[in-house]
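Asker: Here it is: the structure, laid out below.
The values are calculated or read from the model by the stated rules, or taken from the named source; none is laboratory data. All values derive from a computational prediction rather than experimental measurement. We place every Cβ from the backbone using ideal geometry, glycine too, and count neighbours over all the protein chains shown. With ligands, DNA and RNA removed, areas are computed over all heavy atoms of the protein, side chains included. Shrake-Rupley method; radii C 1.70, N 1.55, O 1.52, S 1.80 Å.
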Amino acid sequence: VNSEYHVFRLQSANKGEHVIKFLAFSDIHNNISCVRALRSQESNEYDAVIVAGDIGNEIAEEFFRVVSTFQCPVHYVFGNWDSDLEYGQSFGALCHHLHQNLVTLDGFCFTGFSGCDTNWGKNTVALNDQTVIAEERDKVLCALRGEMSDKAEPDTNLAELTRQYQRAKQRYARKTKKARDEVGLRNRTVLFELIRSEHIEPSRLILVTHDRQYRLHEDLPGLRLHLFGHRHGFKDTEYKGTRYVNVSALDQSGAVGPRNLAALGSQIDNEKHDEYGTYTVIEVFGSERTDVQCKPLCRKM
Ligand SMILES: [Mn+2]
């Protein structure tokens, strides 16, 4: 199914202990000032920048220009706010779209897919399904329309044709809904087949998607880390051997509720963060250890 993918092998500047340290965040929602704030408060000490989607169609180019100044690889997936962006578009030599790709870094592997139920945008699986179903419908409707126009007088036959015509339209609606419901699962299946065929060690694999994936232990037992956003609010949990980290949201502006701020406790001063959100710093060690830290954006001046 997925004949075209790329395996990038990258080497970071980190030559010491077997550990990678990266910035991970999501849900920027066209708010470039949050990105500038992040840029100004973090130095170039990271092996990678991971973006779990919802950059925003309008600021994408500028966003990647800013994050590229961290001078390390930038791995990203798209979310529902990125629905106009082309999957194959290049945002510079440092930036890699993780969609159905495997990108290795110092013995660890990043992968993922773009889009989510809310809006699949230009997701290839979704676009393909949509095209196939629409073509099928058009063929049936055209044939029925032709037969109907041949009938000079309304008769029982025409009534039957009309019913068939209506049924074809309903069938299309049902198929479209079914395809929409299944597109997430199909993206998962395609990607996990790729992971297995490349013999990627799950304990060295980091899966990035915009929305949270469930029951990963069933398909990828021992997966090290799953990063996602979309459901605004930092969360760090472990389920059946996999660490699930919600890295959102960099843009807070009303998106992050008090529940999240409470969860962060003293790390956040509520009054200073009514617009700016949070991001995470993640360190993955060669051993079992994975450190996840949620940090608030601090407003300048
Ligand atoms: Mn989203």
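Asker: Conditions first: (1) part of a strand (DSSP E or B); (2) within 16 Å of the ligand (Cβ to nearest atom). Gly233 passes all but one, so which condition is the exception?
Answerer: (1)
Asker: To continue, here is another question. Any residue that is more than 16 Å from the ligand (Cβ to nearest atom) and at pLDDT 95 or above - is there at least one of those in the stretch 255-264?
Answerer: no
Asker: Continuing with the same structure: Please specify each residue of the stretch 117-131 satisfying the condition of being out of contact with any Lys or Arg (no Cβ under 9 Å at 6 or more places or on another chain) and among the hydrophobic types (A, V, I, L, M, F, W, C).
Answerer: Leu127
Asker: I want to confirm something. Restricting to the stretch 111-160 and keeping residues that are of a type in the set (Ser, Thr, Tyr) and touching a Phe, Trp or Tyr at 6+ places or on another chain (Cβ under 8 Å), which single residue is farthest from His199 (Cα to Cα)?
Answerer: Among residues in the stretch 111-160 that are of a type in the set (Ser, Thr, Tyr) and touching a Phe, Trp or Tyr at 6+ places or on another chain (Cβ under 8 Å), the one farthest from His199 (Cα to Cα) is Thr124.
Asker: Name the residues in the stretch 15-61 that are within 16 Å of the ligand (Cβ to nearest atom), free of Cβ contacts under 8 Å to residues at least 40 places away in the same chain and open to solvent by 20 Å² or more (accessible area, probe 1.4 Å), would you?
Answerer: Within the stretch 15-61, Asn57, Glu58 qualify.
Asker: What number goes with the only condition from (1) away from the ligand (no atom under 16 Å from the Cβ); (2) open to solvent by 30 Å² or more (accessible area, probe 1.4 Å) that Phe70 does not pass?
Answerer: (2)
Asker: Here's another thing I want to ask about it. Out of the helices (runs of 4 or more DSSP H) lying entirely within the stretch 122-226, which hold 3 or more residues that are open to solvent by less than 30 Å² (accessible area, probe 1.4 Å) and more than 30 Å from His18 (Cα to Cα)? Don't jump to the end; show me each part of the working.
Answerer: Details: elements: 124-150, 156-197, 216-219.
By residue number, 124-150, 156-197.
Asker: Provide a single number: the residues in the stretch 65-86 that are within 13 Å of the chain's Cα centre (by Cα), farther than 19 Å from Leu227 by Cβ and hydroxyl-bearing (Ser, Thr, Tyr).
Answerer: 1
Asker: I've got another one for you. Can Ser83 be described as under 27 Å from Arg299 (Cβ atoms), hydroxyl-bearing (Ser, Thr, Tyr) and in contact (Cβ under 8 Å) with a residue 12 or more places away in the chain?
Answerer: no
Asker: Against the conditions (1) acidic (Asp, Glu); (2) surrounded by fewer than 23 Cβ atoms within 10 Å (Cβ to Cβ); (3) modelled with pLDDT of 95 or more, where does Asp106 fall short? Just the number, please.
Answerer: That leaves (3) as the condition not met.
Asker: Search the stretch 81-96 for residues being assigned to a loop (DSSP other than H, G, I, E, B) and surrounded by 14 or more Cβ atoms within 10 Å (Cβ to Cβ), and hand back the single one that is farthest from the ligand (Cβ to nearest atom).
Answerer: If we take residues in the stretch 81-96 being assigned to a loop (DSSP other than H, G, I, E, B) and surrounded by 14 or more Cβ atoms within 10 Å (Cβ to Cβ), then Leu94 is farthest from the ligand (Cβ to nearest atom).
Asker: Suppose we filter the stretch 1-30 for residues that are at pLDDT 95 or above and not in a strand (DSSP E or B); how many remain?
Answerer: The number of residues fulfilling the criteria is 5.
Asker: Which number in (1) more than 16 Å from the ligand (Cβ to nearest atom); (2) in a loop (DSSP other than H, G, I, E, B) marks the one condition that Phe78 misses?
Answerer: Among (1) more than 16 Å from the ligand (Cβ to nearest atom); (2) in a loop (DSSP other than H, G, I, E, B), the lone unmet condition for Phe78 is (1).
Asker: Moving on. Does the stretch 197-213 include one or more residues that are among the polar types (S, T, N, Q), away from the ligand (no atom under 16 Å from the Cβ) and closer than 24 Å to Phe285 by Cα?
Answerer: Taking the stretch 197-213 as the starting set, the residues that turn out to be among the polar types (S, T, N, Q) are 197, 203, 209, 213.
From what's left, away from the ligand (no atom under 16 Å from the Cβ): 197, 203.
Checking the rest, the ones that are also closer than 24 Å to Phe285 by Cα come to 203.
Yes, the stretch 197-213 contains at least one residue that is among the polar types (S, T, N, Q), away from the ligand (no atom under 16 Å from the Cβ) and closer than 24 Å to Phe285 by Cα.
Asker: Sticking with this one: Scan the stretch 147-180 for residues that are at pLDDT below 90 and within 29 Å of Tyr214 (Cβ to Cβ) and report the count.
Answerer: 1
Asker: Continuing with this model, one more query. Only one residue in Val103, Val74 is β-branched (Val, Ile, Thr) and within 25 Å of Gly233 (Cα to Cα). Which one? I'd like the intermediate steps shown before the answer.
Answerer: Numbers: Val103 fails: within 25 Å of Gly233 (Cα to Cα).
Checking each option against the conditions leaves just Val74.
Asker: If you don't mind, another one. Of the residues in the stretch 107-146, how many are within 24 Å of Leu220 (Cβ to Cβ), among the hydrophobic types (A, V, I, L, M, F, W, C) and more than 16 Å from the ligand (Cβ to nearest atom)?
Answerer: Residues flagged as within 24 Å of Leu220 (Cβ to Cβ), among the hydrophobic types (A, V, I, L, M, F, W, C) and more than 16 Å from the ligand (Cβ to nearest atom) within the stretch 107-146 amount to 4.
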